[in-house]
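As structure tokens, the structure follows; a few thoughts come after it.
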Amino acid sequence: MNFVCRSISACFLAPFPAVVPHSWAEWLVFKNFVTCLRSLSRSAFVNSPYEPNQAAALSCSCSCIYRLSPNMYRTVTLWVLLYILICLHLCYCSNTASNGHITLQSRAQPLPSFPSSGVCRGVANIGPEVPEGIIQVSGPDQYQVYPDNTACGWVIRSPPGTVIKLEFEDFHTECGWDFVEIYDGGDLNTTPLVGRLCGIRGLDHHHDDSFTSSGPSLALAFRSDEMISAPGFRARFKVVSRESVSEPSTGCTANHKGTLCQTDSSVDYPPPRQHHSAAYDADNNLVYLSFGTYFRAGTSQADMYTYHIGNDVWSKIEAPEGKIPGKRYMHSSWIVNGSLLVYGGVADTIDTLLHQYFPTNNTWADMGLVDWRIPRLNGAATALARNDHIERVYVVGGILDNNQISRDLFMFDLATQLWTVGLKRVPIWTWGATLTYHKQTNTLHLVGGYRYGTNRVLRRSYFYSIDADRWYNGPEQPAEAVTVFGRAEYIGDDTVAIVGGYRPAYDQNEIASECWVGQIAVYDLACGGTTLIDPPAPISKELYKRMGHALVYRNAPTPSLFAFGGTDGFLLNDVLQIPTATFHLGSSAGRTQCALRRWCNNFYDCGDCTARPYCNWCGDHCVSADLANELCTTPEVVTSPESCPAREFLDLGRPVIGSVRQGDSITYRSAYIDLPDADLRQPAFWNSHRVIRVGTLATISFALAIQEVRKR
């Protein structure tokens, strides 16, 4: 009889033969059979997504053909055990039974692997004679992690009329630095680069990294840098007919990527992209999406779209005649008085001008003149500050033309159309951070980003007082909330929401950390600190895992964030609406009291305190102007810097010598230390003071010196 098992249950419901070996030779065969089954049991018995009725091909190195006679049987236990083993094997093998014997022919032939041993080197060319196989960084006889500076590629070609399906079974590379690149074609230099994957991925981590080529060729490349390694990846490829993937029912689902598995082509979506920008026009309920880039260098775009939030309608803006800013990405944009303002970015010809687009007549104009004091930057953090009809653009950090990192702060005044330089520099070199303006305190808040010089993500937040022209320590962020190339928006109620981004590892100990962020980081400007919030139902947190996207906030009718496109390893062109009403951080009254006390308590100097109109100096400490009458016991409250005592600035490392009388005291406070990327061990960085008091002695001489400056 012919018997094909499609499931284990079907096997156990089949007729129950007696299958006990009765000779020494057949016991040896049985022993080999059990060995093969054990090998099969170590493999993942997962049904193929392409052929649901067949088992996935297994990498077990056995070829089992067994002839087992059912004429003799010893014990019921052995009989049942052997039958169970055969049933398990039947479920994954082609098999027949005849003439009182059972013949098992295993399907579990080993798939060809590239490489089969050792570490990948150079480019492996896989021809049409290989219909299915495994691509991996190294064979099973090699390393637990791939070596540094690994570089290799694979080019797969199949017969005409076929396409190639690729699926990653295991994936773990260094986040943000070691990438697997997928090319839709057989040339690593010219065909479209459609996927750029890193971090910990795979179905176990909710990444459906499947790809279907558009034609009979597909290529992959893997490159690692000079530090921090990971286990690598293992991917399975299979050649199938084009017709077999033409319908979604055959495996081309919404989660799959590739030209045969894209979103509805009848909708006029912008092409998938990353590092574009979006600006929200509240008067017309429109989002302006501008420019951006694909994965491959030199693919920056100059196209623009509008998205009507209420109608869910995309429209392409036809390129205007005359001067346009040119192709670019990593730029910033805002709506100002009904026009679109664009700054910076990486372009074919980078400039430092701001460009203004007028939708009413579809024209562009430049703002101001070229100021050669302003460097060309990419990855800088930017913010538009609006306060009392004063509109200014602030730019901090970023990568310079010579690949050095900046810590300078620049300001462009939209009224005068002039740049201001020489503002206080941020204490650290950084890029890929977020900058948000807070109107109530007239401050800029720098969160996240990569901190150059220490090879780590920036956990310490900083804020800049526009009134005092000084930077200060903000709250330290939890490690899981800090990202590079996240996107931030002020959403009211003293709250900033940060969506997306990734977390690169800064040493080998962090290699197992999650690369992509699936929660929203809500930064509390009133009380300090950051809270991680899961997506509101029914949104999956996996949709949040992206970077290089654009983000806008709409306050009414339903307060929501809108994220546009970006990349999760594959380029996206979707729109993600995130309602913010559930981002509760505590009672309104409690947060108000928290803000009144905290916003002024950070400042330890009279002039520093009173530079802010909402703070007063009360004896020896700074208090909220609203609480001055309640908290101050001294007769005189200082309300302006002009009324403050003179300040004495101390040089780092130079002793301070003086004397005090009995009952007196001198307090030294470090209001601001302009030293990049460093902490002070004694006293602590910035928010500290040293008090010298006199007890029974009439007079005491003292020396105060900062003991050490150490790198963070």
If you take every residue apart from Gly422 with its C-beta less than 11 Å away from the C-beta of Gly422, what net charge results, scoring Lys and Arg +1 and Asp and Glu -1?
+1
P(r) tail fraction, the range 163-247 - alpha-carbon pairs more than 14 Å apart, %:
63 percent
Which shape class, rounded, prolate or oblate, goes with the range 327-366 when its Cα gyration tensor gives a ≥ b ≥ c as root eigenvalues, a/c under 1.5 marks rounded, and past that a/b bigger than b/c marks prolate?
prolate
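With every protein chain kept in place and ligands, DNA and RNA left out, what is the accessible area per residue of the range 557-598? Probe 1.4 Å, answer in Å².
Per residue, the range 557-598 has an accessible area of 40 Å².
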Quick one: net charge of Asp493's neighbours, Cβ under 11 Å, K/R +1, D/E -1?
-1
Measure out, as a whole number of angstrom, how far apart the alpha-carbon centroids of the range 466-517 and the range 132-181 sit.
31 Å
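What whole-number value in Å² describes the accessible area per residue of the range 112-244 for a 1.4 Å probe?
I get 39 Å² per residue for the range 112-244.
Local charge sum around Pro613 (other residues, Cβ-Cβ under 12 Å, Lys/Arg +1, Asp/Glu -1)?
Value of the local net charge: -2.
The values are calculated or read from the model by the stated rules, or taken from the named source; none is laboratory data. In this text the structure is predicted, and so the values were computed from the model without any measurement. Note: ideal-geometry Cβ built from the backbone for every residue, glycine included; neighbour counts use all protein chains shown. Quick note on the areas: whole protein, heavy atoms, side chains included, nothing else; ligands and nucleic acids left out. Shrake-Rupley method; radii C 1.70, N 1.55, O 1.52, S 1.80 Å.
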